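*Asks:* Please find one structure pasted underneath; my questions will follow.
Where a number appears in this text, it was derived from the coordinates with a stated rule and is not lab data. These numbers come from a predicted model, not from an experiment. Virtual Cβ from ideal backbone geometry, glycine too; neighbours counted across all protein chains shown.
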């Protein structure tokens, strides 16, 4: 059976750290960074490799700074 995996790409310079994506992730893949971006916000980042590619994070992002890439592993 094929398994879906995903990779999350976040435009960290435009992320305002609202955490909506973190709350929306059923796999707890995202977390706030310890660093800040150029406008002073802690930004979301992919914290582990258990993303399933569901794209809930991208759908919840009010600023559309998240792109999710899905891959089918055979």
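*Asks:* Please tell me if residue 29 is farther than 17 Å from residue 62 by Cα and in contact (Cβ under 8 Å) with a residue 60 or more places away in the chain.
*Replies:* no
*Asks:* Out of all the residues in the range 1-17, which are in contact with a helix residue (DSSP H, G or I) (Cβ under 9 Å, 6 or more places away or on another chain) and either over 24 Å from residue 73 (Cα atoms) or without any contact (Cβ under 8 Å) to a residue 12 or more places away in the chain (or both)?
*Replies:* Hit for the range 1-17 is 15, nothing else.
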